[in-house]
Amino acid sequence: KLERKSLVSYIYIGEPKQSTIFGKEPKIQVNDVFVEIDEIVLFVNQEKDKLNEAERDQITIAMKVDVESKMGIVSDVQQELREANARKILYSSIQTIDI
């Protein structure tokens, strides 16, 4: 369980809901903005800058990934998070229920 939710930043990966505008390819979204893979390090650094200096190493990145997304894009994001020295990562996905 997370003790301080203020130390958590979210990255969403999946097909946009407005696929007619943004296409059907999986996108990366942070803070309600679509970003490219190479902007992940900048995002993490901006999130760390919002925290006190003592808390910067405690930042947790929560990745919410659509079950239909390919592992390639997730792996690319993981690599960028390593470069940004964001080592604490939570993974979550919505499980589909077949009735």
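The values are calculated or read from the model by the stated rules, or taken from the named source; none is laboratory data. This structure is a prediction, so every number in the text was calculated from the model and none was measured. We place every Cβ from the backbone using ideal geometry, glycine too, and count neighbours over all the protein chains shown. To get the accessible areas, we keep the full protein, side chains included, count just its heavy atoms, and leave off ligands, DNA and RNA. Shrake-Rupley method; radii C 1.70, N 1.55, O 1.52, S 1.80 Å.
For residues that are touching a residue at least 24 places away in the same chain (Cβ under 8 Å) and open to solvent by 70 Å² or more (accessible area, probe 1.4 Å), tally how many sit in segment 7-25.
So the answer is 3.
Taking segment 26-61 as the search range and keeping residues that are surrounded by 11 or more Cβ atoms within 10 Å (Cβ to Cβ) and acidic (Asp, Glu), which one is nearest to Ser75 (Cα to Cα)? Quick ask: steps written out before the conclusion?
First, the residues of segment 26-61 that are surrounded by 11 or more Cβ atoms within 10 Å (Cβ to Cβ): 26-31, 34-35, 37, 39-48, 50-51, 55-61.
Adding the requirement that they be acidic (Asp, Glu) leaves 39, 47, 55, 57.
Working: Glu39: 15, Glu47: 21, Glu55: 26, Asp57: 22 Å.
Per the criteria, the residue is Glu39.
When you scan segment 1-91 for strands (runs of 3 or more DSSP E) that lie fully inside it, which ones turn up with 1 or more residues that are of a type in the set (Phe, Trp, Tyr)?
Working: elements: 8-14, 27-30, 33-35, 60-65.
In segment 1-91, 8-14, 33-35 are the strands (runs of 3 or more DSSP E) which contain 1 or more residues that are of a type in the set (Phe, Trp, Tyr).
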